[in-house]
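Notes to accompany the following structure.
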Amino acid sequence: MKYSSEAVERAIQELSRLPGIGRKTAQRLVFYLLKQPEAQVQQLAEALIELKKKVIHCSICFNITESDPCSICTGGKRDRSMICVVEEANDVLALEKTGGYNGLYHVLGGSLSPLDGIGPDDLRIKELLARIDETVKEVILATNPDTEGEATALYLARLLKPMNVRVSRIARGIPVGADLEYADEITLTRAIEGRREY
Ligand SMILES: [Zn+2]
């Protein structure tokens, strides 16, 4: 059903483009927003615009940041001999929350998925290889434990091993098929601690 207000219809359409939001939920959100004071809706709109204006990718690790390089890459207390490779910036957040890892990161921007047309050139793999120098002693492959994540880890291990660096894979504490970002902190800490040479 379409609404008599074009503005309502447009807001519903825009919101229902978001992941996990169907038309019904979008409608509920729009009617909620209509009831809110204008200042509050303004704040929401400004927060969304600021998000796109201020948030960039770190040019070293590709984590999201407001300053380039990010605070992890420039952090004086980080262990620069370790790089933990993850699929998305969300995974960095999840691992940082555990407090159990103090090395650097590299965000691939996804996983290899031939069916979706995502090949090695679509991920930040060249950029990862370019970071491997004599200070890097270990690369921890922390891609998700699903088919694409495992294929990506295998692909990276083959490229990294001849580069004179220890390559490890996080332990199987995380349920197969689950996303790293949804694992609880204890499981994630165990997965990092129990990593095995690949
Ligand atoms: Zn960074």
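Among the helices (runs of 4 or more DSSP H) lying completely within segment 13-83, list those that include at least 3 residues that are closer than 30 Å to Thr135 by Cα. Walk me through it before giving the result.
Details: elements: 23-35, 38-54, 71-74.
The qualifying helices (runs of 4 or more DSSP H) are 71-74.
Scanning segment 103-130 for residues that are open to solvent by 40 Å² or more (accessible area, probe 1.4 Å) and part of a helix (DSSP H, G or I) yields Pro114, Leu115, Asp116, Pro120, Asp121, Asp122, Lys126, Glu127, Leu129, Ala130. For segment 104-121, the set of residues classified as away from the ligand (no atom under 16 Å from the Cβ) and either more than 17 Å from Leu154 (Cβ to Cβ) or among the hydrophobic types (A, V, I, L, M, F, W, C) (or both) consists of Leu112, Leu115, Asp116, Gly117, Ile118, Asp121, listed by residue number.
Would it be correct to say that Asp79 is under 19 Å from the mean Cα position of the chain (by Cα) and of a type in the set (D, E, K, R)?
On the way: under 19 Å from the mean Cα position of the chain (by Cα): no; of a type in the set (D, E, K, R): yes.
Against the criterion (under 19 Å from the mean Cα position of the chain (by Cα) and of a type in the set (D, E, K, R)), Asp79 does not qualify.
Of all residues in segment 84-97, those being open to solvent by less than 40 Å² (accessible area, probe 1.4 Å), assigned to a helix (DSSP H, G or I) and within 14 Å of the ligand (Cβ to nearest atom) number 4.
The values are calculated or read from the model by the stated rules, or taken from the named source; none is laboratory data. Predicted model only: the values in this text are computed from it and were never measured. With ideal geometry, Cβ positions are generated from the backbone for all residues, glycine too; neighbour counts draw on all protein chains shown. Just the protein is used for accessible areas: all its heavy atoms, side chains included, with ligands, DNA and RNA removed. Shrake-Rupley method; radii C 1.70, N 1.55, O 1.52, S 1.80 Å.
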